[in-house]
1. Of the conditions (1) modelled with pLDDT under 90; (2) more than 30 Å from PRO58 (Cβ to Cβ); (3) touching a strand residue (DSSP E or B) at 6+ places or on another chain (Cβ under 7 Å), TYR180 satisfies every one except a single condition; which number is it?
2. Given the criterion among the hydrophobic types (A, V, I, L, M, F, W, C) and either modelled with pLDDT of 95 or more or over 21 Å from ASP133 (Cβ atoms) (or both), identify the matching residue among ALA61, ALA28, ALA55.
3. Taking the condition surrounded by fewer than 17 Cβ atoms within 10 Å (Cβ to Cβ), closer than 12 Å to MET1 by Cβ and without any contact (Cβ under 8 Å) to a residue 24 or more places away in the chain, does ARG99 pass?
4. Out of the range 1-53, which residues are surrounded by 14 or more Cβ atoms within 10 Å (Cβ to Cβ) and polar (S, T, N, Q)?
5. Just name the residue that is farthest from LEU80 (Cα to Cα) out of those in the range 112-145 that are in contact (Cβ under 8 Å) with a residue 60 or more places away in the chain and charged (D, E, K, R).
6. Across the range 110-132, what is the total count of residues that are at pLDDT below 90 and surrounded by fewer than 17 Cβ atoms within 10 Å (Cβ to Cβ)?
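The values are calculated or read from the model by the stated rules, or taken from the named source; none is laboratory data. Bear in mind that the values here come from a model prediction, so they are computed numbers and not experimental data. Note that each Cβ is placed from the backbone with ideal geometry, even for glycine, and that neighbours are counted across all protein chains shown.
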Amino acid sequence: MNLTGQETLPVTQAQAWAALNDTEMLKASITGCESLTAVGDNPAEPEYEALVTVAIGPVKAKFKGKLKLSDLQAPSSYQLAFEGSGGAAGHGKGTAQVRLESAAPDAAPTQLHYEVQASVGGKIAQIGSRLVDMAAQKMAADFFAAFNAALQAKYPAAPLETAPPMAKPQSAWQKFLDWYLGWLGRIFTSKGPL
């Protein structure tokens, strides 16, 4: 299975990088994620253990997996290797390449590009590649929707400067009425003869 795509993140590249390395934000963004825990002590290649409940078609299982980041090029890219097992439901493993880019380092938005190669086995593989692919696309869409919402909550956009309200254009009738009332006002307030 291959899955590629890109997402627009409403933050700077540095903020996007920080969020992609924030286990609590990731855990909250992954549907069915019960835990995401850092393990190991190598900062050059961080490792995590995850427990995620996944439903693909009629198969629903709790998957226990490992994630390992490598080729870290902060704040631009990294590679992610993953593997997980859901008992009788099956297993999966693969890699993902994640790359961030923006027009300017301190400017939003940031484009996140991803490329995933994965394989599955067990009951999940028996379901069929089309259903597995659709489930993977839905999981990615759900993740990015939740991740974008979390980013917007953590890094609210600066309010745009607003121009002072413009006066509404006046209709011909309103212009005539203003002129007429002004003319009447001048007539009745004048001190001398007309």
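1. (3)
2. On the way: ALA61 fails: either modelled with pLDDT of 95 or more or over 21 Å from ASP133 (Cβ atoms) (or both); ALA55 fails: either modelled with pLDDT of 95 or more or over 21 Å from ASP133 (Cβ atoms) (or both).
From the options ALA61, ALA28, ALA55, the qualifying one is ALA28.
3. Judged against the criteria, ARG99 is not a match.
4. THR12, GLN13, GLN15, ASN21, THR23, SER29, THR31
5. Looking at the filtered set, the residue picked out is LYS123.
6. Looking only at that region, the number is 6.
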